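Note sheet for the following structure.
The values are calculated or read from the model by the stated rules, or taken from the named source; none is laboratory data. This is a predicted model, so every value here is computed, not measured. Reconstructed Cβ throughout: ideal geometry from the backbone, glycine too, with neighbour counts over all protein chains shown.
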Amino acid sequence: MSNFRTGQENAHPQKKSMIMSTLIVVLLANLLIQIWLLYTALNNALDGHQEVAYSTFIASLVLFLAGTIWLYFLPKNVK
């Protein structure tokens, strides 16, 4: 019985490139959302709205954890 990793290693190189490209785009979107959350948190914290800083911290933490989980799905070697 195979798992995701062995199936991914046996895949065609073109499919590996497509998986890699898709995961990179998702990770970049994740990064852009985190930058936007940082910008929002800083603006609201400077205006004195501390409650927004806590909610954006939690959202950013969830996105960070999702990003680290996505890194598991990157192919190990692309030939």
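Things to note:
- Residues in the range 43-63 that are surrounded by 13 or more Cβ atoms within 10 Å (Cβ to Cβ) and either among the aromatic types (Phe, Trp, Tyr) or over 25 Å from residue 25 (Cβ atoms) (or both): 44, 45, 52, 53, 55, 57.
- Residue that is touching a Leu at 6+ places or on another chain (Cβ under 6 Å) and at pLDDT below 90, where the choices are 40, 56, 68: 56
- Residue in the range 21-38 that is over 15 Å from the mean Cα position of the chain (by Cα) and either at negative phi or acidic (Asp, Glu) (or both) present: yes
- Residue in the range 66-74 that is outside any helix (DSSP H, G or I) and within 15 Å of the chain's Cα centre (by Cα) present: yes
- Test: residue in the range 43-52 that is closer than 30 Å to residue 6 by Cα, of a type outside the set (A, V, I, L, M) and either at pLDDT below 85 or out of contact with any Cys (no Cβ under 7 Å at 6 or more places or on another chain) (or both): no
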